[in-house]
Amino acid sequence: MSLKKDSCEVIGGHLFVFVHGFQGTAADMQIFKTIFTIHNPNWHFLCSKSNEGVTDGDISLMGKRLADEVKDYIKIWFPNPKLLGKLSFLGHSLGGVVIRAALPLLEEYKEKMWSLITFASPHLGYMFSESKLINAGLWVLKKIYGSQSLEQLSLSDKSNIHDCFIYRLAMAKVINPINVGAGMVQERDTGELKPGLVLAICVFAGGGPYYENVEVNAEITARKHKMYAKMVETANKKMRDANVYRLNVKFNITGWNMNTLVGRAAHILFLKDELLVRMILLHYKCFWS
């Protein structure tokens with residue numbers, strides 16, 4: 001079901017769907033809509049609102065809400081299917097995963113799919129971390145506040161990892177846009193967009209220096225590593241027919257506070273850095289044209 005790199009000329013309009021992240025709102029994505037509108041006033045934009053206030057829930061349901069919202073928008077603004085030339089998605093954080101959950105429900109538009117761009121999205125979930133502070137925060141949100149989405153991202157929503165939502169999403173049949181891009185925060189790399197695999201095995205899953213801190217039970221650890229590697233391999237195979245790019249970003253953050261300590265400062269800068277948005281828009285036109 002993947003689209004090939006060679007595509008025919010598209011004469012219809014281009015619809016961009018912007019999807020916010022965990023506990024976010026449509027307003028979070030306003031910077032993208034504003035800058036994109038200035039660049040090309042003829043493009044169409046949908047800042048998704050269907051999952052506002054419910055991002056603690058089931059990600060699969062969020063995907064359905066998003067898919068229904070997109071269908072409703074297209075029916076109103078593109079009553080003639082030929083008027084829709086391209087359909088692109090841009091998501092931040094959890095929004096990137098929600099988009100992937102929605103794509104199988106938008107199969108009727110598979111010939112229109114153009115670009116999928118995500119910033120700081122946990123496509124493989126959140127199984128491994130060296131930060132006890134972040135792990136403690138996740139535990140509070142999952143157990144005390146009952147966040148189902150974080151249970152799913154932690155691959156702890158099912159007793160059998162093969163039944164976990166993130167694993168099933170990685171294994172599921174997908175509709176691939178022609179262009180796929182992912183922006184990720186890097187400690188050392190400078191901002192550079194280049195061809196390559198979007199998903200890679202993290203140092204913890206690969207048995208790096210923090211291996212012993214990941215899990216006390218060696219058997220469980222080995223099983224998690226195997227499943228993690230399988231998700232990476234499968235996801236990348238599914239994107240063979242797409243133009244895949246990875247954007248490594250290094251933000252110049254000064255000072256220390258709770259946000260910088262847990263990594264949230266860089267995470268939310270994707271929503272505030274106007275220069276970054278303009279750079280991607282102007283220099284990497286394959287995503288738009």
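General observations
- Selection count where residues are touching a residue at least 12 places away in the same chain (Cβ under 8 Å), open to solvent by 10 Å² or more (accessible area, probe 1.4 Å) and in a helix (DSSP H, G or I), scope region 75-102: 5
- Checking Arg223, Arg240 one by one, the residue that is modelled with pLDDT under 80 and either assigned to a loop (DSSP other than H, G, I, E, B) or within 21 Å of the chain's Cα centre (by Cα) (or both) is Arg240 and no other.
- Single match in Leu124, Leu138 (criterion: hydrophobic (A, V, I, L, M, F, W, C), outside any strand (DSSP E or B), surrounded by fewer than 21 Cβ atoms within 10 Å (Cβ to Cβ) and at pLDDT below 90): Leu138
- Among the residues of region 75-109, the ones that are basic (Lys, Arg) and over 20 Å from Arg65 (Cβ atoms) come to 2 in all.
- Residues satisfying the stated conditions in region 34-58, i.e. surrounded by 18 or more Cβ atoms within 10 Å (Cβ to Cβ) and either within 15 Å of Leu282 (Cα to Cα) or among the polar types (S, T, N, Q) (or both): Phe36, Ser48, Ser50, Asn51, Thr55
The values are calculated or read from the model by the stated rules, or taken from the named source; none is laboratory data. This is a predicted model, so every value here is computed, not measured. Methodologically, a virtual Cβ is constructed for each residue, glycine included, from the backbone with ideal geometry; neighbour enumeration extends over all protein chains shown. Note: accessible area is taken over every heavy atom of the protein model, side chains too, but ligands, DNA and RNA are not part of it. Shrake-Rupley method; radii C 1.70, N 1.55, O 1.52, S 1.80 Å.
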